[in-house]
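Asker: The structure under discussion is supplied below as structure tokens; questions concerning it will follow.
The values are calculated or read from the model by the stated rules, or taken from the named source; none is laboratory data. Remember, it's a predicted structure, so these values are computed and weren't measured experimentally. Cβ atoms come from the backbone with ideal geometry, glycine included; neighbour counts cover every protein chain shown.
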Amino acid sequence: MTKRILVTGGAGFIGSAVVRLIVYESDASALVVDKLTYASNPATLRSVEASNRYSFVKADITDLDAMRGTLASFRPDAILNLAAETHVDRSIDSPADFVRTNVVGTSSLLQTALDYWRRLEGEAKDRFRFVHISTDEVFGSLGAEGQFDETSPYDPSSPYSASKAASDHLVSAWHRTYGLPAIVTNCSNNYGPWQFPEKLIPLMIANAIEGKKLPVYGQGLNVRDWLHVEDHARALLRTLDRGKPGERYCFGGSEERTNIDVVRTICKVLDEMNPKPIAHESLIDFVQDRPGHDLRYAINSGKAARDLGWRPQESFESGLRKTVSWYLENLDWWQSIRSGVYQGQRLGKLAAV
């Protein structure tokens, strides 16, 4: 049984959800390794700080010495690699940052993990797992029909998805070449509490609460499959328990929505929970589309259901209501971000030529 889990990027949105689940719903210990970039926030872990099964190290996964020392002292049974730059628009503006963390960082972490795993013996070596968390964006864009699954070819469109595709291939190579017991997972769009307010759902919620315009790219017809972050966290822990080295697992919410439908639903929920003199939908503002904007993503999670016994518990409607409620109840958290490192400005907009 997995007893010690090292979570890289554990102070981020998905990583912190995993850590809270480890502490609240298991008897395992979690060590968070995070370099605390703009999107990381120690507040996401405040509820578990008092637990003797939680610890934290500030470090960059590209720092080989720091990671070697961390693995040697904590002696993990598993590594969940959630350390990544993740925002497509930021990758358009600063692609080198994504290559450094997502490609070079993953390569460095893999080599450190391999050296550590090779020194293990017996049951400790047999139970060790390296789980790399990726995105459905590595598969590119779907047309009106079909779904991505574990056999889908890679066809990334943005610097972000290209960097994640490269990291996925590195993980597979470390398994095939060196035997590292590694697993790759690919998920659809996550949403839920503690998400940094540059992503679609928290940005729309925050802007609407503050009475600001709700910028929707193009005509808002791009389709995404939405997965509540806590369902994704459960999927990752199920992967540790039941996943097989060398395999890939895709996790989706089976909740496809156009972006404009997502925004309109947020507006309707806020009209109910936080009524204003005018309907929130009047704030919608269609803006220039994102460069290289993929049309549609959708995930077939059949393999995860069969092999891991995993299915999402939240519908989009239930999860979104909980999310809107959380942002209304935690104004101080996201408003402090918007008064500091990110004011809600448009990112990834190419200059006219």
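Asker: Restricting to region 267-305, what's the tally of residues that are in contact with a strand residue (DSSP E or B) (Cβ under 7 Å, 6 or more places away or on another chain), part of a helix (DSSP H, G or I) and not small (Gly, Ala, Ser)?
Answerer: Matching residues across region 267-305 total 2.
Asker: Identify the residue in region 260-306 that is among the polar types (S, T, N, Q) and surrounded by fewer than 15 Cβ atoms within 10 Å (Cβ to Cβ) and, among all such residues, is modelled with the lowest pLDDT. Walk me through it before giving the result.
Answerer: Of region 260-306, the ones among the polar types (S, T, N, Q) are 265, 274, 282, 288, 300-301.
Add one more test, that the residue is surrounded by fewer than 15 Cβ atoms within 10 Å (Cβ to Cβ), and what stays is 282, 288.
On the way: Ser282: 98, Gln288: 94.
That would be Gln288.
Asker: What about Ser254, is it of a type in the set (Ser, Thr, Tyr) and assigned to a loop (DSSP other than H, G, I, E, B)? Give the steps one after another, and end with the answer.
Answerer: Details: of a type in the set (Ser, Thr, Tyr): yes; assigned to a loop (DSSP other than H, G, I, E, B): yes.
Yes; evaluated as a whole, the condition is true for this residue.
Asker: Next up: Looking only at region 135-174, which residues are over 18 Å from Val223 (Cβ atoms) and of a type in the set (Ser, Thr, Tyr)? It would help to see each step written out before you state the result.
Answerer: As a first pass, look at region 135-174 and keep what is over 18 Å from Val223 (Cβ atoms): 150-151, 153-154, 159-160, 162-174.
The answer is Thr151, Tyr154, Tyr160, Ser163, Ser167, Ser172.
Asker: I'm checking my understanding of the structure. Among residues of region 209-241 that are part of a helix (DSSP H, G or I), of a type in the set (A, V, I, L, M) and under 20 Å from the mean Cα position of the chain (by Cα), which one is nearest to Gln288 (Cα to Cα)? Walk me through how you get there before you give the answer.
Answerer: First, the residues of region 209-241 that are part of a helix (DSSP H, G or I): 209, 229-241.
Narrowing further to those that are of a type in the set (A, V, I, L, M): 209, 229, 233, 235-237, 240.
Those left that are additionally under 20 Å from the mean Cα position of the chain (by Cα): 229, 233, 235-237, 240.
Working: Val229: 29, Ala233: 34, Ala235: 36, Leu236: 36, Leu237: 39, Leu240: 42 Å.
Residue satisfying both the conditions and the ranking: Val229.
Listed here are the residues, each with its yes/no results for (1) more than 22 Å from the chain's Cα centre (by Cα); (2) closer than 25 Å to Leu200 by Cα; (3) modelled with pLDDT of 95 or more.
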site	(1), (2), (3)
Arg75	yes, no, yes
Leu82	no, yes, yes
Glu85	no, yes, no
Val104	no, no, yes
Arg127	yes, no, yes
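Asker: What single numbered condition from (1) at pLDDT 95 or above; (2) over 19 Å from Gly192 (Cβ atoms); (3) surrounded by fewer than 24 Cβ atoms within 10 Å (Cβ to Cβ) fails to hold for Leu6?
Answerer: It fails just one condition, (3).
Asker: When you go through Arg242, Arg257, Arg224 one by one, which is the residue that is surrounded by 21 or more Cβ atoms within 10 Å (Cβ to Cβ) and either closer than 28 Å to Arg20 by Cα or at pLDDT 95 or above (or both)? Let's see the steps before the verdict.
Answerer: Details: Arg242 fails: surrounded by 21 or more Cβ atoms within 10 Å (Cβ to Cβ); Arg257 fails: surrounded by 21 or more Cβ atoms within 10 Å (Cβ to Cβ).
That would be Arg224, the only listed residue that is surrounded by 21 or more Cβ atoms within 10 Å (Cβ to Cβ) and either closer than 28 Å to Arg20 by Cα or at pLDDT 95 or above (or both).
Asker: Would you check if there is a residue in region 278-290 being under 22 Å from the mean Cα position of the chain (by Cα), of a type outside the set (S, T, N, Q) and farther than 14 Å from Pro202 by Cβ?
Answerer: Yes: one or more hits.
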